[in-house]
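Remarks on the structure that follows.
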Amino acid sequence: MMIEDLQKISDAERAEAQKYEHHVHVCMETACIASRSDQVKQALTEAAERAGKPCRVKGVGCMGLCSAGPLVKVEPDGTMYKGVTPEDADEIVQKLGDSPVSRLECDTNVPFFQRQVKIVLENSGEIDPERIEDYVARDGYLALYTALTTMTPSEVIAQVAKSGLRGRGGAGFSTGLKWTTVAKSPGERKFVICNADEGDPGAFMDRSVLEGDPHAILEGMTIAGYAVGASQGYIYVRAEYPLAVERLKIAIRQAKRLGVLGENICGTTFSFNVDIRLGAGAFVCGEETALIASIEGRMGQPRPRPPYPAEHGLWGYPTLINNVESYANIVPIMRKGADWFSAIGTEKSKGTKVFALTGCIENTGLIEVPMGISLREIVFDIGGGIPDGKKFKAVQTGGPSGGCIPEEHLDMPVDFESLLQIGSFMGSGGMIVMDETSNMVDVAKYFMEFCMTESCGKCVPCRVGTAQMYDLLDKLTKNEATMADLQLLERLCDVVKYTSLCGLGQGAPNPVLSTLRYFRHEYLARIQEANHEAAFLTD
Amino acid sequence: MSKVRLATVWLDGCSGCHMSFLDMDERLIELADRIELVYSPLVDPKEFPDSVDVTLVEGAVSSNEDLEKIRHIRKHTKILVSLGDCAVTANVPSMRNSFRVGEVLDRAYIENASTQQQIPNVSVPTLLRQVLPVHSVVPVDVFVPGCPPSADTIHYAITELLEGRTPDLSDRSRFGA
Amino acid sequence: MKQPSSRIKTLKIDGQDVGAHEDETVLEVARENGIFIPTLCELEGLSPHGGCRLCLVEVKGINKLLPACVTYVEEGMEVTTNSTRLQEYRRTILELIFSEGNHICSVCVANGHCDLQSLAQKLGMYHVSVPYRHPRRSVDASHERFALDRNRCILCTRCVRVCDEIEGAHTWDVSGRGIEAHIVTDLNQPWGESETCTSCGKCVNVCPTGALFEKGKAVAEMAKKRGFLPYLTLMREKRTR
């Protein structure tokens, strides 16, 4: 594979596209398929054939507004249709080049579409994720080629470091620093792992990237492999994402055939392979040491760090672990430069962040916004506010380790430090909006139940502490709790937070702590209303 | 100097702690100079007095009667002492807590009864959902674990309290001892 | 030429100056110097587990608490092993352990020989302020000589490790997760039907509580014999050198 070959594929692909006057993009991701987008695509293909129009129907990745799916986009005019059914196919095809079908039209001239900045999702909704040619036509694998043929590994790392990219898995550790550590750690072999064990309630960013643009991950990982000196990569993806797994498999096969993955990539001496490992449904395997244990075939339990995987990772070798979204940022950074990337976002949080916007919000779906945007803009402009005239109450970020942010902090910029400051957490990007009907004690109980059932059971504070805290929250919601129970809950929050082995336990008290911080009155109301005698009674 | 008003009560326990109390033997006579035993299974009065300085509680809280009793006692006691593992941890009586009350009663009075299979429900207290240690129902000031705590331990705890100190039991007693 | 790096580190534990080899843990060095750090899952001769969290210590300049059993010494380290905060955390962790199972010391075979019980005494934990959970747990008495009472298990995994690392049988494992986690033999077969168990009894002797015991022992009779462990470890280390 030489640059000419890439160029040839790219030219052929563009020439093929030129043949068609109209391009119809149908979302073929999990959410839209669940509302029959696969049938819509079939119907559109057939309708186009019947009508004999110069029209190409293409399955693409997520276009964002999942709640309005199945989504269909018509290029070049950019018309977006929502809630399309197979029965609408003929009408859509007939109106191609004419005025759009107004009853299906989805206004894209609104903040939801206009305020987003797409880096990670640049190809999502544009390319067919099952065709490498489509990816190559959008300059795919050019960054890898350039890195391998014109840059040293340390130059690659320097560029990533200079971009200011921070890990998108949650904690926001500097990606460049992590790469440097792995590159400098001595080891006969090294590994690169992509953490695709996305498990936060309400989060589906990584799934969408994998389903919509799998080659971006492969390319990012391969560049990482070159930078740190690894020749084997693993994508640890949860088995609950069958479509993502399928598309990754296709992508790996195609990339190998093209010579951009496997032995002697792009004709260089660099070889890099990627294999898929399926998670078995344990949330804790998103924790890097538990993930490594799981790949090694052992029980998915974390171990104390240090040593960090960068030094002592998979089978004891230096291992780079980044999250899906982190890898998805690599290609754009390599292609457009560190300065371009670091110009986006805030001083300490560069680039964009993808969020899965869910809950009591008008526009449910996937959004990518520049760091530093305010929560208010996300919720009320992009998200379209709260439906049914209800009042906003809180937005939960950071998954089960995150916190609930009230109205008063909505003007906070979204970046790693600000969210920590108000008792929440960036996390991987789940964003759940709650309206006035949500009771925050119930919310805290929900997340605690999640942590309790997902605790691996290795360390005492997390194993027993989460169960005890859940019991106390349960008592609160049943109106049986006393002030002493609340005090105990707070004491346990403190102990579990500071003594648990891994991030799951350390973060588990956060939903309680943040709701206590902003909605303490709701806890107190439960205690005032309580019938304390009920707790003693016979079952 | 007026005598310290001491009470002892017996909730759900085997009375072993009271036996251990009696095992103080001749030291009881010494204590009698400084203590007045105002209420106890070992003495006559049937009503818990209005003001008691120290109450030693043996046994866990198992029934609605225990619950009422201990709340009343707490109200009228300055220093409440959980004496022995049943009061401190709920101990053996709590072994029924892994089961539902109905299951336990069935097991005892129906499945394992050879004659008169019936669950007693007249003039017996109602069992609580769970057998509880005393401190989970009312605040407790001093904990003396042990099953039972030895006479020496009890003597030490009482004399320390008489001296106005909180007894340090680290070398003297433990759960199950 | 580069300066050779020193393999001997000097550090402070509770204000006391101590010297240590670079591959020693804070726990090992503390013990050498007579400084007590409570532990439960740790047992000399077995790989570290880091699960009980009782050995957490404070290290100056690090805002996280570190488990002494897996934290290696560093030059100039200043370790605090017994601050008020650590004491409170340890006490709560110990209470959580007691609250998790059904620990009735007075009727336990290991009464008086139990690491959990004696640690409670040593740390001055006279009562458990968190609610007891009273789980319904099973007992496996299918083995000819030994029995397992899961009510008394604290999931320290000493049995799992001794069986895997010392005996080489790997009969024991942990099944389930979180509060539902429990130890099993083979693939959750009755212990008596285990094909891998060699009936060596090492698990019984390393068990800190009365969860694993010899049949025929009455209350307070199950004393544990652990002398074999450092001996076996030492012999093996010598052999591999």
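The values are calculated or read from the model by the stated rules, or taken from the named source; none is laboratory data. Small disclaimer: the values here were computed from a predicted structure and weren't measured. When we count neighbours, we look across all protein chains shown, and the Cβ atoms used for this are built from the backbone with ideal geometry, even at glycine.
Which members of the range A:76-123 meet the condition of being within 20 Å of residue A:53 (Cα to Cα), in contact (Cβ under 8 Å) with a residue 40 or more places away in the chain and crowded, with 18+ Cβ neighbours inside 10 Å?
A:84, A:86, A:88, A:89, A:92, A:93, A:96
Tally up the residues in the range A:282-299 that are surrounded by fewer than 22 Cβ atoms within 10 Å (Cβ to Cβ) and within 11 Å of chain C (Cβ to nearest Cβ), please.
Residues meeting the conditions: 3.
With the requirement that a residue be among the β-branched types (Val, Ile, Thr), closer than 30 Å to residue A:288 by Cβ and over 28 Å from the mean Cα position of the chain (by Cα), what does the range A:493-539 give you? Walk me through it before giving the result.
Taking the range A:493-539 first, the residues among the β-branched types (Val, Ile, Thr) are A:495-496, A:499, A:512, A:515, A:527, A:538.
Add one more test, that the residue is closer than 30 Å to residue A:288 by Cβ, and what stays is A:495-496, A:499, A:512, A:515.
Selection gives A:495, A:499.
Name the residues in the range C:145-175 that are among the charged types (D, E, K, R) and either within 14 Å of chain B (Cβ to nearest Cβ) or touching a residue at least 60 places away in the same chain (Cβ under 8 Å) (or both), would you?
Here is the first cut: in the range C:145-175, the ones among the charged types (D, E, K, R) are C:145, C:149-150, C:152, C:158, C:161, C:164-165, C:167, C:173.
C:145, C:149, C:150, C:152, C:158, C:161, C:165, listed by residue number.
If only one of B:105, B:132 is within 13 Å of chain C (Cβ to nearest Cβ) and either out of contact with any Asp or Glu (no Cβ under 8 Å at 6 or more places or on another chain) or within 17 Å of residue B:13 (Cβ to Cβ) (or both), which one is it?
Result: B:132 is the single residue among B:105, B:132 that is within 13 Å of chain C (Cβ to nearest Cβ) and either out of contact with any Asp or Glu (no Cβ under 8 Å at 6 or more places or on another chain) or within 17 Å of residue B:13 (Cβ to Cβ) (or both).
Restricting to the range A:10-42, and then to whatever is within 15 Å of residue A:208 (Cβ to Cβ) and among the polar types (S, T, N, Q), can you tell me which residue is nearest to the chain's Cα centre (by Cα)?
Per the stated criteria, the residue is A:30.
Let's see how each residue does on (1) part of a strand (DSSP E or B); (2) more than 30 Å from residue A:395 (Cβ to Cβ); (3) of a type in the set (Asp, Glu):
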| residue | (1), (2), (3) |
| --- | --- |
| A:299 | no, yes, no |
| A:306 | no, yes, no |
| A:339 | no, yes, yes |
| A:347 | no, no, yes |
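Just checking, how many residues over the range A:515-539 are within 11 Å of chain B (Cβ to nearest Cβ) and either in contact with a His (Cβ under 7 Å, 6 or more places away or on another chain) or assigned to a helix (DSSP H, G or I) (or both)?
5
Residue under question is residue A:405, and the condition is that it be assigned to a helix (DSSP H, G or I), surrounded by 17 or more Cβ atoms within 10 Å (Cβ to Cβ) and aliphatic (A, V, I, L, M); does it hold?
In short, no.
Just one of (1) away from chain C (no Cβ under 11 Å); (2) in a helix (DSSP H, G or I); (3) over 20 Å from residue A:453 (Cα atoms); (4) not aromatic (Phe, Trp, Tyr) trips up residue A:511, so point out which.
The failed condition is (3).
Where residues in the range A:187-206 are within 13 Å of the chain's Cα centre (by Cα) and part of a strand (DSSP E or B), which of them is nearest to residue A:290 (Cα to Cα)?
A:195
Being more than 13 Å from the chain's Cα centre (by Cα), assigned to a helix (DSSP H, G or I) and within 24 Å of residue A:450 (Cβ to Cβ) narrows it down to one residue among A:245, A:209; which is it?
A:245 is the lone residue from the list that is more than 13 Å from the chain's Cα centre (by Cα), assigned to a helix (DSSP H, G or I) and within 24 Å of residue A:450 (Cβ to Cβ).
Considering only the range A:459-471, I want to know if a residue exists there that is farther than 30 Å from residue A:536 by Cβ and either of a type outside the set (D, E, K, R) or at pLDDT 95 or above (or both).
yes
Of the conditions (1) more than 12 Å from chain C (Cβ to nearest Cβ); (2) under 26 Å from residue A:325 (Cα atoms); (3) surrounded by fewer than 24 Cβ atoms within 10 Å (Cβ to Cβ), residue A:447 satisfies every one except a single condition; which number is it?
Single failed check for residue A:447: (3).
Across the range C:183-224, what is the number of residues that are crowded, with 17+ Cβ neighbours inside 10 Å and within 14 Å of chain A (Cβ to nearest Cβ)?
Adding up the residues that qualify gives 4.
Of the residues B:85, B:66, which single one is away from chain C (no Cβ under 14 Å) and among the charged types (D, E, K, R)?
Numbers: B:85 fails: away from chain C (no Cβ under 14 Å).
After applying the criteria, what remains is B:66.
State whether the residues of the range C:208-217 include one that is closer than 20 Å to residue C:118 by Cβ, aromatic (Phe, Trp, Tyr) and more than 16 Å from the chain's Cα centre (by Cα).
Yes, there is a match, as at least one residue in the range C:208-217 is closer than 20 Å to residue C:118 by Cβ, aromatic (Phe, Trp, Tyr) and more than 16 Å from the chain's Cα centre (by Cα).
In the range A:129-185, which helices (runs of 4 or more DSSP H) lie fully inside it and hold 1 or more residues that are in contact with a His (Cβ under 6 Å, 6 or more places away or on another chain) and assigned by TED's automatic domain parsing to the domain that holds residue A:502?
none
Here are A:453, A:477: which of them is surrounded by fewer than 19 Cβ atoms within 10 Å (Cβ to Cβ), within 27 Å of residue A:358 (Cβ to Cβ), in contact with an Asp or Glu (Cβ under 7 Å, 6 or more places away or on another chain) and polar (S, T, N, Q)?
A:477
Taking the range A:333-359 on its own, how many of its residues are under 22 Å from residue A:207 (Cβ atoms) and surrounded by 23 or more Cβ atoms within 10 Å (Cβ to Cβ)?
7
Would you check if there is a residue in the range C:60-67 being away from every other protein chain (no Cβ under 11 Å) and within 30 Å of residue C:232 (Cβ to Cβ)?
Checked against the condition, which is being away from every other protein chain (no Cβ under 11 Å) and within 30 Å of residue C:232 (Cβ to Cβ), the range C:60-67 yields no hits at all.
Kindly indicate whether residue A:411 is farther than 29 Å from residue A:526 by Cβ, touching a helix residue (DSSP H, G or I) at 6+ places or on another chain (Cβ under 7 Å) and assigned to a helix (DSSP H, G or I).
It is false that residue A:411 is farther than 29 Å from residue A:526 by Cβ, touching a helix residue (DSSP H, G or I) at 6+ places or on another chain (Cβ under 7 Å) and assigned to a helix (DSSP H, G or I).
For residues that are in contact with a strand residue (DSSP E or B) (Cβ under 9 Å, 6 or more places away or on another chain) and within 16 Å of residue B:148 (Cα to Cα), tally how many sit in the range C:98-118.
Qualifying residue count, the range C:98-118: 1.
Counting only residues that are of a type in the set (A, V, I, L, M) and assigned to a helix (DSSP H, G or I), which one in the range C:106-118 is nearest to the other protein chains (Cβ to nearest Cβ)?
C:107
Look at residue A:311 and say whether it is acidic (Asp, Glu) and away from chain C (no Cβ under 14 Å).
no
Find the residue count for the range C:119-139, including only residues that are within 15 Å of residue B:146 (Cα to Cα) and within 7 Å of another protein chain (Cβ to nearest Cβ).
So the answer is 6.
Across the range C:34-72, which residue is surrounded by the most Cβ atoms within 10 Å (Cβ to Cβ) among those that are of a type in the set (D, E, K, R) and within 23 Å of residue C:118 (Cα to Cα)?
For the range C:34-72, the residue satisfying everything is C:53.
I'd like to know if the range A:159-179 contains one or more residues that are within 24 Å of residue A:197 (Cα to Cα), of a type in the set (S, T, N, Q) and either in contact with a Pro (Cβ under 9 Å, 6 or more places away or on another chain) or buried (at least 21 other Cβ atoms within 10 Å of the Cβ) (or both).
Yes, there is a match, as at least one residue in the range A:159-179 is within 24 Å of residue A:197 (Cα to Cα), of a type in the set (S, T, N, Q) and either in contact with a Pro (Cβ under 9 Å, 6 or more places away or on another chain) or buried (at least 21 other Cβ atoms within 10 Å of the Cβ) (or both).
Checking the conditions here, which among A:451, A:459 is outside the structural domain of residue A:365 (by TED's automatic domain parsing) and over 21 Å from the mean Cα position of the chain (by Cα)?
Matching residue, one of A:451, A:459: A:459.
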